[in-house]
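Laboratory data are not the source of any read-out in this text; all were calculated from the coordinates shown. Note that the structure is predicted; figures quoted are calculated from it, not measured. Here the Cβ positions follow ideal geometry from the backbone for every residue, glycine too, while neighbour counts run over all protein chains shown.
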Amino acid sequence: MAGTSNNINPNEAEWFPSTQTAVQPYAALYGWTQGLNYYCNCTNAEYDSFQSTVTIRALNGWTVQGNYTYQRDLSWDGPYDTNYYFIYGPQNGAGGYGNSSLLPHNQISIAQNFDVPFGHGRQFGASVSRPVDLVLGGWTLGSITTFYSGIPFSPTLGNGYGAGLVTPSAGPNNRPVMGSGAVYPSTQDRGQWIEGCPGGVCTTGPYEYPASAAFGSYPIDTLIGPHFINEDFSIFKQFHITERVSFGLRMDSRNFFNHTNLGSPNNNVQSPTVGEIGGIAFNGVNGTGMRTLQFSGNIKF
């Protein structure tokens with residue numbers, strides 16, 4: 001997919017490492033120092049995926065459809081100054097192009113329905129008494145299981161470059177370079193999902209300062225956040241009062257097991273709380289809140 005549309009500011013100051021100055025392109029020409037709004041088809045995005053589906057229909061009352069997707073979404077993402085790369089990409093290479101932070105690489109969803117084989121008209125218990133059938137017979141179970149691998153994200157230098165180094169005053173000045181050492185701690189948890197710079201000083205470790213007055217080159221969105229798993233569950237039954245009248249009872253649960261899905265970690269590698277996760281995954285396509293229950297009934301006649 002090419003030609004993705006964007007609103008950009010063509011008068012954003014360009015940083016020149018040699019002179020250590022930031023210059024707005026239209027300031028000298030026309031005296032314009034304000035930001036401009038330009039809508040253009042000036043960037044690219046690429047989506048590739050492998051998708052598979054498995055379906056089982058009515059196997060002894062069990063119906064299931066499972067889907068697996070491996071996907072890669074490459075674009076001009078926004079962990080750093082995306083606008084800067086749109087405009088000055090030619091002299092900065094493809095430094096702003098990489099994984100998107102919108103989609104995980106792996107997605108699995110499984111939807112199931114199971115007619116419990118007990119009760120009148122079913123495989124077992126067809127001749128049980130009416131009270132037994134009323135309590136135990138004729139139930140149907142349903143569930144939707146959803147799994148996502150972690151959302152990609154990027155490390156940032158939230159406190160600028162170190163002592164003795166010039167931090168650019170324009171452009172993507174919060175991007176480190178790749179160092180050495182483990183990115184993830186051996187006891188990875190919500191208290192620390194990623195490692196940071198020792199003591200907030202990025203001269204050693206997995207992230208390091210860029211050269212003075214230069215931009216960093218850490219690969220875009222190559223760190224991976226916590227995975228997501230959710231189970232939605234339903235149980236329902238139709239109670240036959242007479243031959244023509246029935247009463248339906250249903251219970252639906254969101255996040256049935258009340259599993260905590262963690263949100264994104266603090267990605268400022270200079271922060272004392274680097275890697276700390278302070279919230280849950282957002283409510284949306286890759287998030288859910290705490291368990292909820294809903295009960296409903298209906299009458300058919």
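Summed over qualifying helices (DSSP H, 4 residues or more, each -39500 (n - 2.57)) and divided by its residue number, the chain shows a 222 nm mean residue ellipticity of -2000 deg cm²/dmol.
Label positions at residue 159 and residue 251, each projected 7 Å from the Cα along the C-beta direction, are separated by 5.2 nm. Which of the three applies to region 156-301, rounded, prolate or oblate, going by the alpha-carbon gyration tensor with a ≥ b ≥ c and a/c under 1.5 meaning rounded? Cα axes put region 156-301 in the prolate bin. Dipole orientation for region 66-159: of the candidates 100, 128, 156, 128 has the Cα lying most toward the positive pole (charges on Cβ; Lys, Arg +1; Asp, Glu -1).
A cut-off of 5 Å between modelled amide H atoms, ignoring neighbours fewer than 5 places along the same chain, links residue 151 with 225. Note on region 62-193: with charges restricted to the Cβ of Lys and Arg (+1) and Asp and Glu (-1), its dipole about the Cα centre is near 140 debye. The gain in end-to-end length when the residue 238 to residue 45 segment is fully stretched comes to 64.5 nm, 0.36 nm per residue minus the alpha carbon separation.
Please say if region 93-174 is rounded, prolate or oblate, where rounded means a/c under 1.5 for a ≥ b ≥ c the square roots of the C-alpha gyration tensor eigenvalues, and otherwise the choice is prolate for a/b larger than b/c and oblate otherwise? Verdict is prolate for region 93-174. Which one of 220, 245, 280 is farthest out on the positive end of the charge dipole of the chain, using unit charges on Cβ (Lys, Arg +1; Asp, Glu -1) and the Cα centre as origin? After comparing all options, I get 245.
The length gained on full extension between residue 28 and residue 71, counted as 0.36 nm times the residue separation minus their Cα-Cα distance, comes to 10.9 nm. Under the simplified labelling scheme, the residue 16-residue 290 pair shows an inter-label distance of 5.8 nm, with each label point 7 Å from Cα along Cα→Cβ. Using only Cα atoms and rounding to the nearest 10 degrees, what angle (0 to 90) does helix 82-92 make with the longest principal axis of the chain? Here the helix axis deviates by roughly 50 degrees. Each of 53, 26, 40 was scored by the projection of its Cα onto the charge dipole of region 1-153, and the greatest displacement toward the positive side belongs to 53; charges sit on the C-beta of Lys, Arg, Asp and Glu. Extension gain for residue 186 to residue 7 (0.36 nm times residue separation, less C-alpha to C-alpha distance): 60.3 nm. The candidate values are (i) 37, 21, 18; (ii) 55, 22, 16; (iii) 40, 24, 18; the one derived from this structure for semi-axes √(5λ) of the Cα gyration tensor in Å carries the label (ii). 3J(HN,Hα) couplings calculated from phi for region 27-40 with the Karplus curve 6.51 cos²θ - 1.76 cosθ + 1.60 (θ = phi - 60°) are, in sequence order, 6, 6, 6, 10, x, 8, 10, 7, x, 10, 10, 10, 9, 8 Hz; Gly and Pro show x. Need one number: the % of Cα-Cα pairs in region 67-215 sitting beyond the 23 Å mark. That fraction is 60 percent.
What you get for the chain, charging only the Cβ of Lys and Arg (+1) and of Asp and Glu (-1), is a dipole of about 1200 debye around the Cα centre. Gyration tensor analysis over the Cα atoms of region 165-219 returns equivalent ellipsoid semi-axes of 24, 11, 10 Å (largest first, whole Å).
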